[in-house]
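Q: If you scroll down you'll find the structure; I have some questions about it.
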Amino acid sequence: MSMKNILIIDDSALMRRVISDIIEADQRFKVIGAAINGLAGLSMLQENAGKVDAVLLDINMPRMNGLEVLEEIKKQNIKTTVIVVSAITTKDALETIRALELGAFDFVTKPESLEELRSNAFTNRLLDCLSVATKLKGLEPEKNISTEPPKIITTSMQKEAPEEELPPIHKKGHVVGRKIKDKLVAIACSTGGPKALHNILPTFPKNMDAGVIIVQHMPEGFTKSLADRLNSISQIQVKEAEDGDVIKKGRVYFAKGGRQLRVTKDEKGNHVLRLTMEAARNGLIPCADILYESLVNTDYDEITCVVLTGMGSDGMVGITELSKKKNIHVIAQDKKTSVVYGMPRMIRMTGLVDKVVSLHEVSDAIIKNVGVH
């Protein structure tokens, strides 16, 4: 296996040194260059055309910032994969969302303290992201998948099975005379999700006949920035979920980073969002499995479960549990348009999927199923 060439673009000498040390300690990667600002980084990219497998890009830099670098990469059609290395501030979160819109593959957050810098947390985040971005990893489920996966999932299935070996699309019989009144859309996504959602949400009509809940794997702060950005370019109202929000039709609610999200009922019978301080499950907070499992005890007549691009298997266990008690319609993004074909592939393994569609068909598939009012 040939080593992957990584270019670092960051104006902080400390971050360049730390990131270089992390990469050089991993035999799968090699630092091909370290630039002190965006202009120098763009020049290195041009000089090494076709040789840079991934770029680790800071946002706030002199002479040319990270967003300007991404704009130039797009304009000059430079073929490389960009990972943003972002600080956890409101300003950086907003700019990171913009970077994902401009084509960044994903982002990792910078350590907030020297203690975190010296720990393995940042190292693991960075190397995991790089391994997925450079296609060294991404199709297998998380190592610490739930200890009780659905029985239908076998070890052999979790390997790299060809697309044609996946279970056939689930064909559900229609319930004659049944009127579907209360509907909900529950979307799960991870790597590549923000860009996918930028394609989907702006096409939702504001009179959708269902509320929409989205679990996008992101740290605290970033989910609000993503929700605010999507709200500004969509007809439908989009917000980060707050504890106690009553779910309304024609509204989109993002699970808050750093919290788990559940749906419960209040004393008036309304479906209400609850943010909880539960631990991460399989390393995920928010976790889609927890959301889907909470929907088992709701009064929705039908729940449209949508699984988009992302690494691992989040959503698989929860949707399987939900299917035992509720009327569900499952839509999965196809392999061709998924940035990482992990989560959609794993839900297909359950045999519960009703429709597999490309990214550009996801919105139509959802709207066709829930309708407008």
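The values are calculated or read from the model by the stated rules, or taken from the named source; none is laboratory data. This structure is a prediction, so every number in the text was calculated from the model and none was measured. All Cβ positions, even for glycine, are placed from backbone atoms using ideal geometry, and neighbour counts span all protein chains on display.
Q: Answer yes or no: is there a residue in segment 50-67 that is out of contact with any helix residue (DSSP H, G or I) (no Cβ under 9 Å at 6 or more places or on another chain) and among the polar types (S, T, N, Q).
A: no
Q: Moving to a separate point now. Go through segment 75-90 and give me each residue that's in contact (Cβ under 8 Å) with a residue 12 or more places away in the chain, outside any loop (DSSP other than H, G, I, E, B) and basic (Lys, Arg).
A: Within segment 75-90, none qualify.
Q: Here is a follow-up. Please give the strands (runs of 3 or more DSSP E) falling wholly within segment 190-303 in which 2 or more residues are free of Cβ contacts under 8 Å to residues at least 24 places away in the same chain and more than 20 Å from Asp364 (Cα to Cα).
A: Counting at least 2 such residues, we get 237-240.
Q: Failed condition for Val31, given (1) assigned to a loop (DSSP other than H, G, I, E, B); (2) surrounded by fewer than 19 Cβ atoms within 10 Å (Cβ to Cβ); (3) of a type in the set (Val, Ile, Thr), with all others met?
A: Every condition holds for Val31 apart from (1).
Q: Counting only residues that are in contact with a strand residue (DSSP E or B) (Cβ under 7 Å, 6 or more places away or on another chain) and over 24 Å from Gly103 (Cβ atoms), how many does segment 333-351 have?
A: Matching residues across segment 333-351 total 2.
Matching residues to (1) touching an Asp or Glu at 6+ places or on another chain (Cβ under 7 Å); (2) crowded, with 24+ Cβ neighbours inside 10 Å; (3) not assigned by TED's automatic domain parsing to the domain that holds Ile88:
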| site | (1), (2), (3) |
| --- | --- |
| Gly211 | no, yes, yes |
| Glu242 | no, no, yes |
| Asn270 | no, no, yes |
| Ala288 | yes, yes, yes |
| Val307 | no, yes, yes |
| Gly312 | yes, yes, yes |
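Q: In segment 91-129, which residues are farther than 20 Å from Leu284 by Cα, out of contact with any strand residue (DSSP E or B) (no Cβ under 9 Å at 6 or more places or on another chain) and either in a helix (DSSP H, G or I) or touching a residue at least 12 places away in the same chain (Cβ under 8 Å) (or both)?
A: Those that are farther than 20 Å from Leu284 by Cα, out of contact with any strand residue (DSSP E or B) (no Cβ under 9 Å at 6 or more places or on another chain) and either in a helix (DSSP H, G or I) or touching a residue at least 12 places away in the same chain (Cβ under 8 Å) (or both): Lys91, Leu94, Arg98, Glu101, Leu114, Glu115, Leu117, Arg118.
Q: Does Val55 qualify as being of a type in the set (Val, Ile, Thr), in contact (Cβ under 8 Å) with a residue 40 or more places away in the chain, touching a strand residue (DSSP E or B) at 6+ places or on another chain (Cβ under 6 Å) and under 25 Å from Leu197 (Cα atoms)?
A: yes
Q: Looking at Gly318, is it over 21 Å from Lys368 (Cβ atoms), out of contact with any Cys (no Cβ under 7 Å at 6 or more places or on another chain) and either assigned to a loop (DSSP other than H, G, I, E, B) or not assigned by TED's automatic domain parsing to the domain that holds Phe222 (or both)?
A: Details: over 21 Å from Lys368 (Cβ atoms): yes; out of contact with any Cys (no Cβ under 7 Å at 6 or more places or on another chain): yes; either assigned to a loop (DSSP other than H, G, I, E, B) or not assigned by TED's automatic domain parsing to the domain that holds Phe222 (or both): no.
Judged against the criteria, Gly318 is not a match.
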